Amino acid sequence: MKRQVRVGMVGYKFMGKAHSHAYRDLPFFFEPEAVPVLQAVAGRDRDGVEAAANQLGWASTETDWRRLIERDDIDLIDIVTPNHLHAEIAIAAAEAGKHILCEKPLALTVAEARRMARAAEQAGTVHMVCHNYRFAPAVQFAKKLIDDGRLGRIYHIRAQYLQDWIMDPNFPLVWRQRKEVTGSGALGDIGAHILDLARFLVGEFTAVTGMMETFIKERPQAEDDVRGEVDVDDATAFLARFENGAMGVFEATRFAGGNRNGNRFEINGEKGSIRWDLENMNNLEVYLEEDEKGMQGFRTIHCTEEVHPYAGAYWPPGHIIGYEHTFINLFSELMKGIAKGYSPSPNFADGLRNQMVLEGVERSAQSGGWIEISED
Ligand code: SOE
């Protein structure tokens, strides 16, 4: 009998559905060394969490997440709540000896992230942050090309995460729009993703300088129509320096009309360049200086072959996969880590480094200067 990992998930909305789907479909495509079991899902609203459990396939429900921490039939706590609850739940889970998967960004602040990372390390349990986009086969293949030296010295990364879901001034102050719940707006919610991709593909940040903007200053409250102040950024743009001397240009906004989920990057090196776009996620655009003069240009690599990481677990070449499969791929690594006793990257140490860059951009936007991102 394969080892089972009994999951207790806190939350059940958008990420709750993506995570539930990934746990359930993982064994279709991978021979996981540890098999996830949808043991319990927790949510404050009894009717809501019971309906979610029925739809998503969870064996039991709790209306207080603390019960999941107390239960000895739960091995892994999966945190898919709004950001302000991440630290309390993760630290309690670590202290109870549970493994932990936490949605991004890890925390509201560097101080919280540091406490979470320390608690997880002291517990000796497995911990990961759900930066799912690293696990698109094309992104993994980009990492292989870079690590194999195919691009040579890296000069540039320019990354954007463009959305447009709150351009209506009457869109209410949902939790992703309230600093006390989310920490920051576009910066921490979607900027965190492109920061993680930059750390994965280029390396560690050493300094940032940036700006943040809130275009619409007041919105209706989610529970009534009284307008409240918006205290988070609608958009951010910043520059970065990396340990390896590369330069970074980043932009994250929820006001790029027409871009529903435009998570994209281009990396330029001495020997070539690569480009990736989530909205075309199976493809990697590759340019190589070594190509014959007159025949040079970006070529499209369809990352659906055995040679492309994770792609071979799904369908024959050319049968593409989607957003939800990035979670399955990440979860295959999580199950491997739990079976073998290590925390695969991105783990809480990565989450802390990510939080340090986020906070650096916020401090720079206030001070106007460059902020050093030092070793923790
Ligand atoms: C924002 O709307 C959001 O849901 C992010 O919170 C997710 O992390 C991103 O993957 C999609 O957009």
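Taking only protein heavy atoms and a 1.4 Å probe, what accessible area per residue, in Å², does region 254-328 have with all protein chains in place?
Per-residue accessible area for region 254-328 comes out at 49 Å².
Taking the Cα centre of the chain as origin, sum charge times position over the Cβ atoms of Lys and Arg (+1) and Asp and Glu (-1), and report the length of that vector in debye to the nearest 20. Could the numbers behind the result be given before it?
Values: 41 positive and 56 negative charges, 88 e Å.
Approximately 420 debye in magnitude.
What does the convex hull of the Cα atoms of the chain come to per residue, in Å³, rounded to a whole number?
Value for the chain: 144 Å³ per residue.
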statement: For region 263-277, Karplus-derived ³J(HN,Hα) couplings (6.51, -1.76, 1.60; θ = phi - 60°; whole Hz; x for glycine and proline) come out as 9, 8, 9, 9, 10, 10, x, 5, 10, x, 9, 9, 9, 9, 9
message: What figure, in Å² to the nearest 10, do you get for the accessible area of Trp165 with a 1.4 Å probe and non-protein molecules left out?
response: 80 Å²
statement: Given a Förster distance of 25 Å, the FRET efficiency implied by the Cβ-Cβ spacing of Asp168 and Leu239, rounded to the nearest 0.05, works out to 0.25
message: I need the calculated FRET efficiency for the pair Val249 and Arg227, taking r as the beta carbon distance and R₀ as 41 Å, to the nearest 0.05.
response: 0.75
- request: Along Cα→Cβ, 7 Å out, is where each label goes; now give me the distance between the ones at Thr63 and Glu270 in nm to one decimal.
  value: 6.4 nm
field: Per residue, in Å², the accessible surface of region 154-204 once ligands and nucleic acids are set aside, probe 1.4 Å
entry: 32 Å²
- request: Mind ranking Glu292, Glu103 by accessible surface for me, highest first, 1.4 Å probe?
  value: Glu292, Glu103
statement: tail above 17 Å in the computed P(r) of region 283-322, as % of all Cα-Cα pairs, reads 41 percent
- request: Tabulate in residue order the Karplus-calculated ³J(HN,Hα) for region 180-189, using 6.51 cos²θ - 1.76 cosθ + 1.60 with θ = phi - 60°, rounded to whole Hz; enter x for Gly and Pro.
  value: 5, 9, 10, x, 9, x, 4, 4, x, 7
query: What's the carbon and sulfur percent of region 218-376's accessible surface, probe 1.4 angstrom, rounded to a whole number?
result: 48 percent
message: Could you tell me the relative contact order of the chain? Use alpha-carbon pairs under 8 Å, at least six residues apart, and round to a whole percent.
response: 20 percent
field: With every protein chain in place, region 3-132: carbon and sulfur % of accessible area (1.4 Å)
entry: 46 percent
query: Any idea what log10 I(q)/I(0) is at q = 0.10, 0.19, 0.21 Å⁻¹ for region 252-376, Debye with uniform C-alpha scatterers and no solvent?
result: -0.53, -1.24, -1.24
query: What is the list of residues in region 109-145 whose amide nitrogen lies under 19 Å from a point 7 angstrom out from the Cα of Asn283, following Cα to Cβ?
result: 136-143
The chain - mean residue ellipticity at 222 nm from DSSP helices (-39,500 (n - 2.57) per run, n ≥ 4, rounded to 500): -10000 deg cm²/dmol
- line: Note to self: with every protein chain in place and a 1.4 Å probe, region 1-99 gives an accessible area per residue in Å² of 46 Å²
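The values are calculated or read from the model by the stated rules, or taken from the named source; none is laboratory data. Since this is a predicted model, take the numbers as computed values, not measurements. Every residue, glycine among them, receives a Cβ derived from its backbone with ideal geometry; neighbour counts consider all protein chains shown. Just the protein is used for accessible areas: all its heavy atoms, side chains included, with ligands, DNA and RNA removed. Shrake-Rupley method; radii C 1.70, N 1.55, O 1.52, S 1.80 Å.
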